[in-house]
Amino acid sequence: MHRMIVGDMDDAGSEGLPQNPGAKTGQSVGIMGHEKLGAEYLRRLGFSSKVCNLVESHVVAKRYLTAIDQKYYESLSNASKLSLKFQGGPFSPEDAAAFETDPLFKEKVQLRKWDDASKVVDLQTPGLDAYRAMAIKHLGRRI
């Protein structure tokens with residue numbers, strides 16, 4: 001259930017905010033810190049620390065994957081590659097090894113891969129309303 005909620009909430013911190021333009025290109029590279037904004041927003045709504053931690057891992061998982069997998073890096077859009085520079089670039093070998101010790105490591109990496117796979121132009125997916133009951137159930141357990 002956590003993964004289903006996070007899968008639709010990972011960009012909650014970028015909704016309705018102006019995009020950051022790329023350094024020289026003017027191309028949007030997203031909202032800097034959107035993962036932290038999204039996690040904090042969900043914390044304030046009462047979501048569990050696990051859900052918020054997974055949302056907050058959006059960028060670190062990308063930094064990890066680009067450090068260990070050249071094909072993953074090559075699969076990123078130009079905007080995502082540009083935002084990676086603003087986000088600190090690929091992890092060093094030491095940072096990658098430290099990330100692998102995180103108790104939620106596998107879930108964080110899997111969620112990032114699912115998020116990347118969902119970026120298909122014209123892909124039809126359920127709206128947030130499809131997950132409303134699941135989110136309410138999750139929040140109800142926290143009361």
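A straight line joining the Cα centroids of segment 43-82 and segment 83-143 runs 6 Å.
How many lysine pairs are close in segment 85-143, with Cα atoms under 21 Å apart and the two 8 or more places apart or on different chains? Please report the intermediate quantities before stating the final value.
Working: LYS85/LYS108; LYS85/LYS113; LYS85/LYS119; LYS106/LYS119; LYS108/LYS119.
The number of close lysine pairs in segment 85-143 is 5.
Kindly rank 107-113, 77-83 from highest to lowest mean number of other beta carbons found within 10 Å of each residue. Before the final figure, lay out the partial values.
Values: 107-113: 18.9, 77-83: 16.0.
In descending order of packing, they fall as 107-113, 77-83.
Compared with the direct C-alpha span, the chain from ALA133 to ASP69 gains 19.4 nm at full extension, assuming 0.36 nm per residue. Sorted on the mean count of surrounding Cβ atoms within 10 Å across their residues, most packed first, peptides 118-131, 87-100, 39-52 read 39-52, 87-100, 118-131. Net length available on complete extension from SER118 to GLU40 is 25.8 nm, with 0.36 nm assigned per residue and the Cα-Cα distance removed.
Counting 0.36 nm for each residue step from THR125 to ALA79 and taking away their Cα separation leaves a gain of 14.3 nm.
Just so you know, all these numbers are worked out from the coordinates, no wet-lab data involved. Remember, it's a predicted structure, so these values are computed and weren't measured experimentally. Here Cβ is always computed from backbone atoms with ideal geometry, including for glycine, and neighbour counts include all displayed protein chains.
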